[in-house]
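Visitor: If you scroll down you'll find the structure; I have some questions about it.
What follows is calculated from the coordinates using simple rules that are stated; it is not laboratory data. Because the structure is a prediction, the values reported are computed rather than measured. Positions of Cβ are backbone-derived with ideal geometry, glycine not excepted, and every protein chain shown enters the neighbour counts.
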Amino acid sequence: MSHPKFVTSGLFQCFEFLVLACGLSAFIGCSGSDPLLADVRGQVTDKGQPLAGVTLMFIPESGNGAPSEAVTNSDGEYVLSYANGEVGARMGKQAVLLTVTQPTGNESMPTTPAGYSKQIDVVAGENVFNFDLSEF
């Protein structure tokens, strides 16, 4: 399975981003505010085949609230969790980032392919967002 759009020098940038996002999540998650959350779930595939181990991060574009995250299961399915541990994502426009883990020799290293991001709108109720990497 090939993914043509890879950023080969972005490994450390990806790591720095995840560290920053986790730190921001902890800081905002402790603020005591109760954000308006909506259920978000879906599936990640590549040319119709489910992808396991893909990390999804939904980041509020407004800058208000913490990101929500999930990792796909063996069927490529995910359910987002907010920073405070509740299921869901903050309602509103979100930047969605997908990180695909690719095997490299004897180890796996996270790789953020260029263009594996989208903007979506989380609304009240249940939201189902399916992503096929071949469409990015």
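Visitor: Tell me, what HN-Hα J-couplings in whole Hz come from the Karplus equation 6.51 cos²θ - 1.76 cosθ + 1.60 at θ = phi - 60° for each residue of region 128-134, using x for Gly and Pro?
Guide: 10, 10, 9, 10, 10, 4, 5
Visitor: Here's a follow-up. Multiply the residue separation of V79 and Q119 by 0.36 nm, subtract the distance between their alpha-carbon atoms, and state the gained length in nm to one decimal.
Guide: 12.6 nm
Visitor: Per residue of region 90-96, what does 6.51 cos²θ - 1.76 cosθ + 1.60 with θ = phi - 60° give for ³J(HN,Hα)? Whole Hz please, x for Gly and Pro, Karplus curve as stated.
Guide: Once θ is set to phi - 60°, the couplings for region 90-96 become 5, 6, x, 6, 10, 8, 10 Hz.
Visitor: Right, another one. Please compute the length gained on full extension between T101 and S134, using 0.36 nm multiplied by the number of residues separating them and subtracting their Cα-Cα distance.
Guide: Net length gain for the segment: 10.3 nm.
Visitor: Let's test the formula: R0 of 22 Å, r as the Cβ-Cβ distance of S62 and E126. What FRET efficiency results, to the nearest 0.05?
Guide: 0.55
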